[in-house]
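Taken together, the values in this text are just the output of simple stated rules run on the coordinates, not laboratory data. Every value quoted in this text rests on a predicted model; they were computed, and no experiment measured them. Here the Cβ positions follow ideal geometry from the backbone for every residue, glycine too, while neighbour counts run over all protein chains shown.
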Amino acid sequence: MLYRSRRLETVLGGPLDAVPYTDLAALVGNTEAGESEDLDYKRELPASSDAQKAELAKDVAAFANHVGGVLVIGMAEANGLPSRVMDTDISDAHLRHLHQVIARHTTPTVRVDMRPVPNPDPAAQGKGFLLIAVPPSPQVPHAVTAIAQTAREALAYPRRGATKTDWLTETEVATAYQRRFNAASDRSRRVANVERELLAALPASNVPHLIVCLVPEIPADMVINRETYQHAQAELLTTSLVGEDQPVFEGVRIGSRRYITYGGDPSAPFYSQADLHRDGSGCWALRVVGNTSTVDQREFYWAEPDTVVWLLLSALQVLGTHARERAGAMGTALVQAALVAAPHHHPDGPALPNLHPLLPFRLDALHPTGQRSLVSTQSCAYADSDAVALLDDLADAGPGLVQTAALLADELVQAFGIAEAAPVTREGKLRLAAWSPDLRPGLTQWAHAHRVELLTT
């Protein structure tokens, strides 16, 4: 789920995505499970009248504007303590209705997770508890669109306080907006710093690199000690590129507030290095393996577009998994990708290396005959792109990952005069014909495993 709370997991008896019906029912009369700034109980949640819709919107917005929290629907309360199990409607239709209400009556829309917890009694089919988890939001303040008597919509900004909801004053709203804008600027600066640190640590190179950086909107605070390092090392040394089963990293060491992991030979065509930070940020630089050609006595380096997309998919998944699973970040993340002819071409890159040749860089295809097939219309020394993605989409490696990769890849290849990155679509699908014969079998298997649709035409 989007929201994790050690306190609530202790109170409720387990993680929100796994706590069973019996544990929730056992909360009745538990004095340690009273309503608080991050926990609220309701008998039911019909959300049919205007007043009920406004109440639901107020409850979720109040949590999002504070520290996050959980609504437990299907439990009566007395003086703030859970007092009686009141199984509620947990049908798909009802959950869709609640999502629609929240989307219609909060702005920006509050992101929530809903988990039905069915009553195991066959006689209670379609009934049980409903957990609505609301993470703290980086988009504070969230407003509620309340229906006024004039039939005009007005904005109000709730915030959870202790066991009740307060309303933000005009000054507090203005301050919250300023903090949101500052946070966005801070994330951009954080991306630049993370990228700059990695570039400075790369071995000298004169070949193209793909550099992908990610900064979560809500930073984490990963613990680094001997035990966690050993666990991270075991995970990272079995990490592979998308559609492959060979480990891509060969070593992991500890740096300042980060893990540094690397693989390949710095003097060989392929080498990669990643910084995985304690706050969930990460940056991965991968050499783009390609070929050299000479046309009209001008030599240049070229790589296939599907190679770039493949590396991009892999980097997004690894960085998203680090942020969510290892560091514990949640929500969304700012992602930036750069494709450079060599690291020194990056605006924050190292000095020009004493290496030759330093060749122009193109994106072209390899014809089945083994010859280069013209795709790009020009060379490019530096191309960049950025997007905001859900960490869940990146870590889960499904259609959402492909959608993010398509958005970033399209902007990268357009710098080479190519309209779009053909191997992926913005609908989250893979075009099989646009993948090389070497990559196609592994990508096909990966797509089937992660429910990614394949286009055969």
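Numerical summary
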read-out	value
HN-Hα J in Hz across segment 240-250 - Karplus 6.51, -1.76, 1.60, θ = phi - 60°, x for Gly and Pro	10, 6, 4, x, 10, 10, 8, x, 9, 9, 10
Using θ = phi - 60° and Karplus 6.51 cos²θ - 1.76 cosθ + 1.60, couplings along segment 417-426 (whole Hz; Gly, Pro as x)	x, 9, 5, 7, 7, 4, x, 10, 10, 6
Sequence of LEU8, LEU81, LEU98 once ranked by neighbouring C-beta atoms within 10 Å, starting from the fewest	LEU81, LEU98, LEU8
Per-pair calculated FRET efficiency, R0 = 56 Å: THR31 and GLU453 via Cβ, rounded to 0.05	0.65
For ARG43, distant residues with modelled amide H under 5 Å away	GLY74, MET75
Overall Cα dimensions of segment 184-455 - principal axes, largest extent first, Å	56, 45, 36
Fewest-first ranking of MET114, MET86, using other Cβ atoms within 10 Å as the exposure measure	MET86, MET114
Length-normalised contact order for segment 184-455 - Cα pairs under 8 Å, 6+ apart - percent	20 percent
Residues ARG96, ARG287, ARG84, sorted so that the one with the fewest Cβ neighbours within 10 Å comes first	ARG96, ARG84, ARG287
In sequence order, calculated HN-Hα J values of segment 161-174 (Karplus, 6.51, -1.76, 1.60; Hz; x Gly/Pro)	x, 6, 10, 9, 10, 9, 10, 5, 7, 4, 5, 5, 5, 4
Geometric extent, Cα atoms of the chain - Rg, Dmax (angstrom)	25.3, 85
Calculated Rg and Dmax of segment 6-168 using C-alpha coordinates, Å	15.3, 47
Normalised contact order of the chain, rounded percent, pairs of Cα under 8 Å and 6 or more residues apart	12 percent
Cβ-based charge dipole, segment 248-405, positive-most Cα from LEU311, SER293, SER256	SER256
Summed side-chain charge close to ASP410 - residues other than ASP410 whose Cβ falls under 11 Å, Lys, Arg +1, Asp, Glu -1	-1
Net charge of neighbours whose Cβ lies under 14 Å from the Cβ of LEU363, counting Lys and Arg as +1 and Asp and Glu as -1	-4
